[in-house]
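Beneath this line is the structure, given in C-alpha cells, with notes to follow.
The values are calculated or read from the model by the stated rules, or taken from the named source; none is laboratory data. Keep in mind that this is a model prediction, so the values were computed, not measured. Glycine gets a Cβ as well: all are built from the backbone with ideal geometry, and neighbour counts include every protein chain shown. With ligands, DNA and RNA removed, areas are computed over all heavy atoms of the protein, side chains included. Shrake-Rupley method; radii C 1.70, N 1.55, O 1.52, S 1.80 Å.
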Amino acid sequence: MNTNSNSYTIIYASVLVIVVAFLLAFTAGILKERQDTNEALDKKKQILSSLNINIEGKDVAALYAEHVKQDIIINSQGKEIAGKGGFDVDVKKENAKDLEKRQLPVYICNVKGETKYIFPVRGKGLWGAIWGYIALDADKNTIYGTYFSHEGETPGLGAEIANKSFQDQFIGKHILNSAHQFVSVAVKKIGQRAEGQEQVDALSGGTITSNGVSDMLRNGLGQYANYLTIQ
C-alpha cells in the first residue's frame with residue numbers, strides 16, 4: 001500500500017483510534033471496581049464523621065458495620081419503602097425528582113448503646129454543590145453531630161463549612177419547635193436573629209455559602225419532616 005496515499009492515512013488513523021479506544025475502555029473497566037470501592041469507603045467516612053467517631057488510623061469498614069445497623073429507604077410521607085439499600089441511593093439524582101417520587105435514605109445507628117438517625121443533605125454553595133450528613137438523637141430532634149463538605153468553595157471563607165469548629169456549632173441544636181413541627185436550624189450573621197428557629201453563627205466572609213447551608217438543612221431535612229414528626 002502506498003503510505004503516502006490518502007487511503008493509507010485514513011486507514012492508519014482509524015486503526016489507531018480503535019486501538020486507543022479499546023485500551024481506554026479496558027483500563028476504565030479495570031479501575032472501575034477500585035474507584036467504586038474508594039467512593040463507598042469515603043462515603044462511610046463521612047457518615048461516621050457525622051457521628052463524631054474518630055476514624056483516624058481505624059478500619060473504616062469495621063467501624064461502619066459496628067455503628068450503622070440499618071440503611072432504610074423512606075418516602076416523603078415518612079413511610080418505609082425498603083428495609084435496606086439506602087447507602088446506594090444517589091441523593092443528587094433523587095433531588096432532581098418531584099418530592100413525592102424520591103427515595104430518601106435513613107441510616108439508623110448505634111453509638112454507645114444509644115440510637116442515632118443520620119440524614120443526607122445536599123445543596124448549593126457559592127461555586128458549586130455542598131453536601132453533608134446530619135445525625136440526630138433518638139428523639140429525631142436534637143442534633144448529635146454533622147458533616148459538611150463542598151465541591152469548590154473559597155478557601156478560608158465558604159470552604160470553612162468543612163471545618164469542625166463550624167460543624168460543632170450545630171451539636172445540641174433542635175430542628176423541631178415546641179409544637180413538634182419541623183423548623184430546621186438557621187445559619188445567621190452574628191447579631192441577626194432567626195424567628196422561631198435555633199441558630200448558629202454564619203461564616204465570616206462566607207455569606208452565600210452560609211445561606212446555602214441554611215437552605216440545605218431546611219430543604220434537605222424538610223423532605224423528612226413527616227418521618228421526623230411521627231409520634
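Here are some notes:
- Residues that are free of Cβ contacts under 8 Å to residues at least 12 places away in the same chain and either touching a helix residue (DSSP H, G or I) at 6+ places or on another chain (Cβ under 7 Å) or surrounded by 14 or more Cβ atoms within 10 Å (Cβ to Cβ) (or both), drawn from segment 75-130: GLU94
- From the options ILE134, ILE130, residue that is modelled with pLDDT of 95 or more, in contact with a Leu (Cβ under 7 Å, 6 or more places away or on another chain) and not in a helix (DSSP H, G or I): ILE134
- Within segment 95-127, the residues that satisfy the criterion of being more than 12 Å from the chain's Cα centre (by Cα), assigned to a helix (DSSP H, G or I) and of a type outside the set (Lys, Arg) are LEU99, GLU100.
- Segment 15-59: number of residues that are modelled with pLDDT of 80 or more, among the aliphatic types (A, V, I, L, M) and either open to solvent by 60 Å² or more (accessible area, probe 1.4 Å) or within 30 Å of THR146 (Cβ to Cβ) (or both): 13
- Pairs, first closer than 18 Å to LYS140 by Cα in segment 163-175, second crowded, with 18+ Cβ neighbours inside 10 Å and small (Gly, Ala, Ser), C-beta under 6 Å, six or more apart: ILE175/SER184
- If the condition is being part of a loop (DSSP other than H, G, I, E, B), under 19 Å from the mean Cα position of the chain (by Cα) and not hydrophobic (A, V, I, L, M, F, W, C), then segment 53-84 contributes ASN54, ASN75, SER76, LYS84.
- Residue count, segment 29-81 (criterion: polar (S, T, N, Q) and over 22 Å from TYR227 (Cα atoms)): 7
- Some residue of segment 181-200 being in contact (Cβ under 8 Å) with a residue 40 or more places away in the chain and within 17 Å of the chain's Cα centre (by Cα): no
- Residue list for segment 60-71, restricted to those being open to solvent by 70 Å² or more (accessible area, probe 1.4 Å) and under 17 Å from PHE119 (Cβ atoms): LYS69, GLN70
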